[in-house]
Amino acid sequence: MADDPLDRLRQLCLALPETTERLSHGEPTWFVRGRKTFVMYADHHHDDRLAFWCAAPPGVQEELVAQDPGRFFRPPYVGHRGWLGVRLDVDVDWTEVAEIVADAYRTVAPRSLAERLP
């Protein structure tokens, strides 16, 4: 994978079934079947962080933010819906990021697509 965080994130997202990318609110954003957002890149989007925001299963946002607030945060605008903010301007565990992205996908994808993931 490339060293650029956007390129690495893009590769993870586009590897998932029926995923597309387009700009939303000025940032690269990934959608399931072109409709449901599951990951949004956040290049200093209203703050000083390079990160991504993603859908998360219930309770995950609270758990990860409490566990490691230096890497995870409650993003503006979508945090109240349980979305998770993941910093990319710190030491990034790309294996963990891949799992978080897959969980975000599973959270919004139709069951028939989510079941195609291992």
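Looking at the structure I just gave you, is Thr20 part of a strand (DSSP E or B) and exposed (fewer than 15 other Cβ atoms within 10 Å of the Cβ)? Lay out the reasoning, then the answer.
Numbers: part of a strand (DSSP E or B): yes; exposed (fewer than 15 other Cβ atoms within 10 Å of the Cβ): yes.
The answer is yes for Thr20.
The residues in the stretch 85-110 that are buried (at least 18 other Cβ atoms within 10 Å of the Cβ), in contact (Cβ under 8 Å) with a residue 60 or more places away in the chain and among the β-branched types (Val, Ile, Thr) can be counted, and the count is 4. Taking the residues in the stretch 10-65 that are in contact with a strand residue (DSSP E or B) (Cβ under 7 Å, 6 or more places away or on another chain), among the charged types (D, E, K, R) and touching a residue at least 40 places away in the same chain (Cβ under 8 Å) as candidates, determine which candidate is nearest to Val92 (Cα to Cα). Restricting to residues being in contact with a strand residue (DSSP E or B) (Cβ under 7 Å, 6 or more places away or on another chain), among the charged types (D, E, K, R) and touching a residue at least 40 places away in the same chain (Cβ under 8 Å), the top hit is Arg49. Just wondering, is there one or more residues in the stretch 68-79 that are without any contact (Cβ under 8 Å) to a residue 40 or more places away in the chain, surrounded by fewer than 19 Cβ atoms within 10 Å (Cβ to Cβ), closer than 19 Å to Phe31 by Cβ and in contact with a strand residue (DSSP E or B) (Cβ under 7 Å, 6 or more places away or on another chain)? Yes, that holds for at least one residue.
Read-outs: derived from the displayed coordinates by stated rules, not from any lab. Just so we're clear, the structure is a prediction, and the values are computed from it rather than from any experiment. Positions of Cβ are generated from backbone atoms using ideal geometry, with glycine treated the same way; all protein chains shown enter the neighbour counts.
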